[in-house]
Amino acid sequence: MAQATSAAAGTPWGQLDNAIHLLTLRLEGVVPTQKLRELRVWRDEQLALAPTDARLGRDFRTRIQQRFFTEYDYLLDENRENVLLADQRVAAMIRRHLLLRSGGPYRLLAYCVMPNHVHAILEVVAPSGPPATLDAEDVDPAELGFVALRLDEEPDESSPLGDFLRTFKQETAAEAAGLLDDRRHLRWHTDSFDFWIRSQSELEAVIDYVAQNPVQAGLVPSPEQWFFSSAHERYLHDASTSGWLPHTG
């Protein structure tokens, strides 16, 4: 089971040793600008209503940010025009690149290649020292509040996972050029959504959310039937309906 602990914030995104991230990478132009703007206005209006009590305010902001991400993901799922990643050659290539990067500073816990976006749950492995149990009670409330307010698409270059995002997007776009005809190109959006996972229960919920995404989008009746996902790989490994990759949970 993956675990994590926190460290002091040090960049615009903050910095967590052994942090666990739900990364969402989308294709260019698949979210209507006006709809995303309206969703952000709604989120900001709701966050302004957060209770002043530290713990109540943190829990309120967390729920709003979770709702914001769910609605954001729905905007991706309802776009059925740019579905380049539904090409099985491209999806297989994306899967291979994700698995190749699971090692060293990153550990891939789960993933799902959707028709126009990718979810990847990554643990950032600290260079030394054992991880502590991933538990919101162990995280400073002020840091949690800071992280919660930053949950949105952010430029890849400002992300603590910037190296991963840059090389992944560059290499997959280059390889896709050899798979596709001249009329189609793999173009990633330059920003990515980094959802910071702060507790073990939230991690379990996020793993399940990613596994269920193809079902919620109406693509398959059950998670393991979506080929390019950790849910499918886990089912082939031990017939488990868990969304965890084999040997990770």
**Message:** With outside any helix (DSSP H, G or I) and either in contact (Cβ under 8 Å) with a residue 40 or more places away in the chain or of a type in the set (V, I, T) (or both) as the only criterion, which of A110, A91 stands out?
**Reply:** A110
**Request:** Answer yes if at least one residue in the stretch 57-76 is of a type outside the set (D, E, K, R) and assigned to a strand (DSSP E or B), and no otherwise.
**Result:** no
**Request:** Kindly check whether there is at least one residue in the stretch 157-169 that is of a type outside the set (S, T, Y), farther than 22 Å from G103 by Cβ and either modelled with pLDDT of 95 or more or out of contact with any Ser or Thr (no Cβ under 6 Å at 6 or more places or on another chain) (or both).
**Result:** yes
**Asked** Taking only pairs six or more apart or across chains, which ones have beta-carbon atoms under 9 Å, a first residue in the stretch 29-55 that is under 23 Å from D77 (Cα atoms), and a second residue that is among the charged types (D, E, K, R) and assigned to a loop (DSSP other than H, G, I, E, B)?
**Response** G29/R187; V30/E81; R40/D152; R43/D152
**Complete:** Among the residues of the stretch 36-53, the number that are over 18 Å from L151 (Cβ atoms) and in a helix (DSSP H, G or I) is 0
**Request:** Output the residue which, of all residues in the stretch 94-123 that are charged (D, E, K, R) and within 14 Å of the chain's Cα centre (by Cα), is surrounded by the most Cβ atoms within 10 Å (Cβ to Cβ).
**Result:** E123
**Request:** Just name the residue that is nearest to R67 (Cα to Cα) out of those in the stretch 203-245 that are of a type in the set (S, T, N, Q), touching a residue at least 60 places away in the same chain (Cβ under 8 Å) and buried (at least 17 other Cβ atoms within 10 Å of the Cβ).
**Result:** N213
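The values are calculated or read from the model by the stated rules, or taken from the named source; none is laboratory data. Model, not experiment: these values are computed from the prediction. Quick reminder, even Gly has a Cβ in these numbers, built from the backbone with ideal geometry, and neighbours come from all protein chains shown.
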